Amino acid sequence: MNVVVVGNTHRSYKKDFNWGSAINVGSVGLPRDCGNLATFVEIDTVNFEAKRHLFELPTEKIRKKYSNAHPNVLEILDRRETIANFI
């Protein structure tokens with residue numbers, strides 16, 4: 001199985017191709033798809049499996065600590081989704 005792991009977009013995804021898969025690991029710091037859900041990917045190179053992990057971020061704490069952050073960052077933190085809806 002061929003796998004290309006990418007990042008920097010802060011959006012997790014897996015796309016399959018005839019040659020293998022492309023996996024974007026997401027973001028544990030400032031996710032762009034859902035501001036309150038951080039993601040990371042665990043890749044099992046023995047069994048050729050990739051598993052995405054999601055966990056909720058304490059966005060209220062983050063907003064309080066960084067209240068002077070750029071308005072775009074604060075808007076991203078306000079995006080809401082539940083884990084059940086995301087999977």
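The values are calculated or read from the model by the stated rules, or taken from the named source; none is laboratory data. Values in this document were obtained by computation on a predicted structure and should not be read as measured data. Because the Cβ atoms are built from the backbone with ideal geometry, glycine has one as well, and the counts that use them run over all protein chains shown. Each accessible area value is taken on the protein alone, full model and side chains, heavy atoms only, with ligands, DNA and RNA left out. Shrake-Rupley method; radii C 1.70, N 1.55, O 1.52, S 1.80 Å.
Along the charge dipole of the chain, which of Gly35, Phe48, Ile23 sits closest to the positive end, that is, farthest toward it, with unit charges on the beta carbon of Lys, Arg, Asp and Glu (+1, +1, -1, -1)?
Positive-most Cα among the choices belongs to Gly35.
For the chain, report the accessible area per residue in Å² (1.4 Å probe, heavy atoms, rounded to an integer).
69
For the chain, what is the Kirkwood estimate of the hydrodynamic radius, computed as the reciprocal of the mean inverse distance between distinct Cα atoms, to one decimal in Å?
Here the Kirkwood hydrodynamic radius works out to 14.0 Å.
Take the solvent-accessible surface of the protein heavy atoms, probe 1.4 Å, and return the percent of it on region 1-78 that carbon and sulfur atoms account for.
Looking at region 1-78 in its full context, I get 52 percent from C and S.
Give a quick list of chymotrypsin sites (Phe, Trp or Tyr not before Pro) in region 6-39 that DSSP marks as loop, anything other than H, G, I, E or B, with at most 16 other Cβ atoms within 10 Å.
Passing both the DSSP loop test and the Cβ count: Trp19.
Extension gain Leu30-Lys61, at 0.36 nm per residue separation less the Cα-Cα distance, in nm?
Taking Leu30 through Lys61 to full extension adds about 9.8 nm, to one decimal.
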